[in-house]
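Bear in mind these aren't lab numbers, they're just calculated from the coordinates by the rules spelled out. Given the structure is predicted, the values throughout are model-derived calculations rather than measurements. Methodologically, a virtual Cβ is constructed for each residue, glycine included, from the backbone with ideal geometry; neighbour enumeration extends over all protein chains shown.
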């Protein structure tokens, strides 16, 4: 029987590689929500096969009628499997399974932003050649349909900018630090105990995960090819409770943002992409995004400001996005189609390399926290060094009791200044004998 | 030359009926953003013809190469026009143009929620019979891609509830009343001067527009057929500055919400739909939605809470949604397809009638403002009437200087109580000789 005719009777067959947290969520959604999925689609999605190395753990999922073994290659080759879900994570094995599925002419749904950030070009090109779909809504913002919004909902717009809270772990840590006044070490430990943070949290805490996601978002927003390792990324390890207190006093919250902007210029467009903790106005919607939630603010030239909010991770929210992708691809399969919308919103051949704006060209108000010996004249030294470079000061607050005894924290909110001037000043200041620790620099994002 | 082959050279031809504010925006977006539209689609959208009765007004749009006259029937019949945009507004004429276009085998894009709320069934059935697409993203939430989110992004979910700020005019009025302490008359006058409100603002202020939109959202969320006139709607005319002050004191903001919930029960599912001003927690995202902006919070069983925010009206934001629909339909036309996704998310034949939950069954904390003669014992009378019906009181605040001299305002925040008990009590209280004006009842929506 041909696939199309079988499909019309029995639905579209799904194979799942990777039966961890998200894979379990996908199996649950396909099972528990099969009524609504079938009603909306007009035919069912059938999970026919699962492959994972761990055949023992109890996942709380009814596996009746599903072949479950460790044979991913067999799953990919199985004629019953019409769409492959790749949820193994990581780079190499995930890449191999994805390319094998594509080579077998099968569309792939993945939640793996790391894979796409590193091997995206190879995978998208292979898929285009084979005429199969690749979908990855779950890879950014968990269950939030943000990629669909960029690809279709806002497709008539030139996107000007996007500001995203893209990592739930760090947003949980920052929210807790702001609420409790506790140190990052204490909060991070609690996040690990609660399962919000990995045993080695570097990937999240240092901004790598957010940079992976931002690379995908920027590609879709601006039609550019961006390698995630070109994205300037700073994590949240340098933040102390005082920073939240001072930020609040100035009218701001501290959030780890992924920021991408199109900068039009006479010599052509350039792209500004960066990940770092930033001060954003407390009245902004992004400042109200608490805990492990994610949100992306997108500004288009026609639509103006928009925002998309939801759970950025977790078993069921991520599964919600995976199954939405399955439904979209299954529809196309049943009509004998693929490639309805380019996976990165622009057809792959249209993706351009555009120059990135060097960090030094940023121009923003800055929050600076200096740690200096508590000695007369220190404040004059610091503020003098800023003034010498033409950096105007809006507020200065000096507090005793910094990390080391006898040291003070001096917090400065500058007027808008160029990043190169600010960095020049802080480098000079960090070399002063009275300065005890590297200066913390946070940029103010008024538009966020 | 066949349409398909012509399309592949010259793009898809668009005809626009109704060249008012939004129509002008659509012409601008199609012109100014043709580069990005063509890149994303792979072919251009060509605005070939516009019909409007007003041929004189200067719209600031380059009409080169576009046939512009008053002949809507000619536009619909024109073989160059492959997709018809209906932006005339209202009911009868819009219905006729839409059905004529469908009968001519042409897909229709509209922003007309009133049309769909009243004639939706007829239009969707005609479109299905003819095998042409109807798209209406612009009809709810302006430029926010909320209908796409419900139809596709969240399609794997049972939707539990949605709470929307669906009308920009009333949200502007409420935001201003809260910020300035001015009366609704003063603020509404200003809104009219600024063009945010119509000369006759009843449609917005009395909740009719929000009910139209809620009927569409609820149909898509729950797969039900709801007539907008079955939706209990209350407007904002009864609100006075004191209400905002008291709400703030209790920790709430006042917003006009469209609310739809699925209420599962042993005897089957029922639907709760209502439009009214409500008290929502000040810390909620919806409470931060200010001015003429819109937002819809959607809760799905897998994805959990999500929210979509953006401009709910205006020339370019609405045009952003219209052109997104054009792009989606043009893609399908070029592939010789239609009907990819059911316009109301569920295939039309699946839309069910489900019983609505009677208002009396609501169970919520309530804000009550009584207007009574300032005489000893009045407070006891009022609170006694509440107590007699088992309605617990959380806070009471009595203020002098109500609208009429010698009267006081008594504001009560109740514990959760049944609507029927609360209405029974207020009816009794409104009949007391010391009570001078009908009691204002606002429900508290903690989940919003």
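Taking R0 as 60 Å, what's the FRET efficiency between residue A:200 and residue B:263 from their Cβ-Cβ distance, rounded to 0.05?
0.85
Computed over the Cα atoms, what is the radius of gyration of the protein assembly as shown divided by 2.2 N^0.38 Å, N being its residue count?
Relative to the rule-of-thumb radius for its length, the protein assembly as shown sits at 0.99.
Could you work out the mean count of beta carbons from other protein chains within 10 Å of each residue's beta carbon in B:349-359?
Average per residue, whole number: 1.
As I understand it, the value is the acute angle between the Cα axis of helix B:113-130 and the longest principal axis of the Cα atoms of chain B; what does it come to in degrees, rounded to 10?
Approximately 40 degrees, to the nearest ten.
When the chain is fully extended, how far beyond the present Cα-Cα distance does residue B:129 get from residue B:249, taking 0.36 nm per residue of separation?
37.6 nm
With a Förster radius of 22 Å, plug the Cβ-Cβ distance of residue A:416 and residue A:380 into 1/(1 + (r/R0)^6) and report the FRET value to the nearest 0.05. Kindly include the intermediate steps, with their values, before the conclusion.
Values: r = 23 Å, r/R0 = 1.05.
Computed FRET efficiency for residue A:416 and residue A:380 comes out at 0.40.
Compute the Rg/Rh shape ratio of the range A:65-137: radius of gyration over Kirkwood radius, all on alpha-carbon atoms.
Checking Rg against Rh, the ratio lands at 0.94.
Rounded to two decimals, what ratio of Rg to Rh does the range B:346-448 give with C-alpha atoms and a Kirkwood Rh?
1.14
Counting only other chains, what is the mean number of Cβ atoms within 10 angstrom of the Cβ of each residue in peptide B:309-316?
Neighbouring Cβ atoms belonging to other protein chains average 5 per residue here.
At 7 Å along Cα-to-Cβ for each site, give me the label-to-label distance between residue A:427 and residue B:121 in nm.
7.3 nm
For B:434, B:54, which order do you get if you count the other beta carbons within 10 Å of each Cβ and list the fewest first?
Numbers: B:434 17, B:54 10.
By the 10 Å Cβ count, ascending, the order reads B:54, B:434.
Using only the alpha-carbon atoms of chain B, report the extent along each of the three principal axes, biggest first, to the nearest angstrom.
Taking max minus min along each principal axis of the Cα atoms, chain B gives 87, 52, 35 Å.
Helix A:92-103 versus the longest principal axis of chain A: what is the Cα-based angle in degrees, 0 to 90, to the nearest 10?
Long axis of A:92-103 versus the principal axis of chain A: about 40 degrees.
Per-residue ellipticity at 222 nm for chain A, helices alone: DSSP H runs ≥ 4 residues times -39500 (n - 2.57), over residue total, nearest 500 deg cm²/dmol?
Estimated from H runs of four or more residues: -11000 deg cm²/dmol.
Output the antiparallel fraction of DSSP beta bridges having both residues in the range A:195-327, as a percent to the nearest 5.
Details: 20 of 22 bridges.
Once the DSSP bridges in the range A:195-327 are tallied, antiparallel ones form about 90 percent.
Taking the number of other C-beta atoms within 10 Å as the exposure measure, put A:383, B:371, A:98 in order starting with the fewest.
Listing A:383, B:371, A:98 from fewest to most nearby Cβ atoms yields A:383, B:371, A:98.
If you build a Gaussian network model of chain B, linking Cα atoms that sit under 10 Å apart, which residue out of B:177, B:246, B:293 swings the most?
For chain B, modelled as a Gaussian network with Cα springs under 10 Å, the answer is B:246.
Which one, A:118, A:187, A:378, has the greatest fluctuation when you compute a Gaussian network model over chain A with C-alpha springs under 10 angstrom?
A:378
Taking the Cα atoms of the range B:171-212 alone, what are Rg (to one decimal) and Dmax (as a whole number) in Å?
10.1, 30
Taking N as the number of residues in the range B:146-311, what is its alpha-carbon radius of gyration divided by 2.2 N^0.38 Å? Each step should come with its number before you reach the end.
Values: Rg = 16.0 Å, N = 166, 2.2 N^0.38 = 15.3 Å.
Relative to the 2.2 N^0.38 Å estimate, the range B:146-311 comes out at 1.04.
Please state the relative contact order of the range A:359-444 as a whole percent: Cα pairs under 8 Å, 6+ residues apart?
Rounded, it is 48 percent for the range A:359-444.
Highest first, please rank the peptides A:151-164, A:69-82, A:103-116, B:350-363 by the mean number of other Cβ atoms sitting within 10 Å of their residues.
Ranking, from highest mean packing down: A:151-164, A:103-116, A:69-82, B:350-363.
For chain A, find the longest principal axis of its Cα atoms and tell me its angle to the long axis of helix A:241-250, 0 to 90°, nearest 10.
80 degrees
Can you give the mean number of other chain Cβ atoms that lie within 10 Å of the Cβ atoms in peptide B:35-41?
So the per-residue partner count for this stretch is 6.
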